[in-house]
Amino acid sequence: MANLSIRNLDDAIRDDIRLRAARNGRSVEDEVRVILREAAQGGRAGAAGLPADTAPIAPTSRDTAPPQAGTQPKVTLIIGGGIAAYKSLDLIRRIKERGIHVRVVLTQAAQKFVTALAASALSNERAYTDLFDPQSEFDAGHIRLARECDLIVVAPATADLMAKMANGHADDLASAILLASNKPILIAPAMNPLMWGNAATKRNVAQLQRDGIRMIGPNAGEMAERNEAGTGRMAEPTEIAEAANALLRPQRPQPLKGKRILITAGPTHEPIDPVRYIANRSSGKQGFAIADAARSAGAEVILVSGPVELDEPRGVDVKHVESARDMLSAVEAALPVDIAIFAAAVADWRVVSEGAQKIKKKAGEAMPPLQLTENPDILATISKRGTNRPPLVIGFAAETEHLIDNATAKIKRKGCDWIVANDVSPATGIMGGDSNTVNLLTRDKESGEIAVDSWAPMSKEDVAVTLVARIASSLAKETS
């Protein structure tokens, strides 16, 4: 028992042990001892090969569900001890807004300006402060913080912290992490203008640049000190977050640059009266993911969305609508476009006459009749346009039975070029979920022959990226 270590365990098991330790108020080392003692006493094996009571606990509002591999970059944010440290709390939010996981480390000096509790609350992660913390250092926690990330951001990077970095010091948690890391490092210097212009600081900056350290700022402007101005202000949190995002997600080829794409997403709400409406279970996640992927591929994207509870994709022109008729009007107003993707789950029916007041239930009387009429067919309307028809029209077929047969009939009936077909039976969990299993039906423009390509199950984000790549490939073939 003299040499306990969990460094070589599977990530999932290691995370489960840490969660159990936190839940039981023990150090990780003590928790391992408890687990081994229970196993030696014949404890029943449970999830991930641990005793039964170490099965993963469900994430709470204070826990972050583990991201799917390769989908969420990770940043270790080191907050140095300067007045600009207060901006680093906003930086945590700005980094998270970009879909990046954040762990925070505070130097002793940083804790004079901001608290570990505040950093922890904003990051939804424990904030780290002590190199000799027994709860994290029994398995070399500073090495984990240095390696279990994709980028280290230092903000503010004070003159003292930069000097430590340039000269290889490792006398506290922050400097030990920086020395032990093999990951890219981005620093945001912040100090008095005279300190920034000092010859020693200039030497340190030159050394850090030779070492491959990336730097953003400092900016020029007013200092915290009265009547002080010059170069030394920490870059703004949005600037740092964008720089981090650019390092984590380098600019990719933009095969759809110059293309204008229209996408519909979400459900429609068809009012019955001022309180009630006809709707469906669509979350809009797939359409929003396609919009984001198309924007990343360089396209100008117009997203016409029904009522959803999703954040708008950055860089996308979002039009919010309620009903099918509203959606059709917004779609037609967005034309002409190069590509139209109709991922919205549009209600097929609406009531003939919407009640001006809430329809009351009256004792002894039968339910008032609801006369329905068919909504406009947006996919067919755009597919069969004589003018301004997009060169590529893609529809979606959400089916609960005879998936390929129904999708094949739909592509013929609607007149679109491609159909993305998926089984939305309740057992699949696709409607409103985060994953999808799709079949892509494509119709040859000359022969009319329909080909079916069945894709493996994947996240909706991956479906979006794959679909956009397929679109780009098809357009490249047409122009070659």
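Nothing in this text is a laboratory measurement; each read-out follows from the coordinates by a stated rule. What you see is a predicted model; the values in this text were computed from it and never measured. Heads up, the Cβs are rebuilt from the backbone with ideal geometry, glycines too, and the neighbour counts pull from every protein chain shown.
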When all Cα-Cα pair distances of the range 74-248 are considered, the percent exceeding 18 Å is 57 percent
Once normalised by the length of the range 372-447, the mean sequence separation of its alpha carbon contacts under 8 Å that are 6 or more apart gives a contact order in percent of 28 percent
Pseudo-spin-label distance Glu365 to Thr437, built 7 Å along Cα→Cβ, given in nm, is 4.9 nm
Going fewest to most other Cβ atoms within 10 Å around each Cβ, His101, His320 line up as His320, His101
Applied in sequence order to the range 278-292, the curve 6.51 cos²θ - 1.76 cosθ + 1.60 (Karplus, θ = phi - 60°) yields integer Hz couplings, x standing for Gly and Pro, of 8, 8, 9, 8, 4, 9, x, 4, 5, x, 5, 5, 5, 4, 5
Rounded to the nearest 5, the percent of antiparallel DSSP beta bridges in the range 74-248 equals 20 percent
Residue span Lys412 to Ala356: 0.36 nm per residue of separation minus Cα-Cα distance leaves a gain in nm of 16.2 nm
With 0.36 nm assigned to each residue of separation and the Cα-Cα distance removed, Gln207 to Val452 gains 82.4 nm
Surpassing 23 Å at the alpha-carbon level, of the pairs Lys74/Lys202; Lys259/Lys412; Lys112/Lys164; Lys74/Lys319, are Lys74/Lys202; Lys259/Lys412; Lys74/Lys319
Sorted by chain and number, the residues with a modelled amide H under 5 Å from that of Ala157, at a separation of 5 or more or across chains, are Ala188, Ala190
Counting Lys and Arg as +1 and Asp and Glu as -1 over every other residue whose Cβ sits under 15 Å from the Cβ of Ala109, the net charge comes to -2
Length gained if Glu222 through Asp326 is fully extended, taking 0.36 nm per residue and subtracting the Cα-Cα distance, is 32.5 nm
Spelling it out for Ser435: with amide H atoms placed in the peptide plane at 1.01 Å from N, the residues 5 or more places away or on another chain with amide H under 5 Å from its amide H are Lys460
Taking a label point 7 Å from the Cα of Thr387 along Cα-to-Cβ, the residues of the range 301-344 whose backbone nitrogen sits under 17 Å from it are 332-337
Computed for the range 74-248: size of charge dipole around the Cα centre, +1 on C-beta of each Lys and Arg, -1 on C-beta of each Asp and Glu, debye to nearest 20, value 300 debye
Checked against the positive end of the charge dipole of the range 319-404 (+1 on Cβ of Lys and Arg, -1 on Cβ of Asp and Glu, about the Cα centre), the farthest of Ala330, Thr381, Gln357 is Gln357
For the range 123-130, Karplus-derived ³J(HN,Hα) couplings (6.51, -1.76, 1.60; θ = phi - 60°; whole Hz; x for glycine and proline) come out as 8, 6, 9, 4, 8, 9, 9, 10
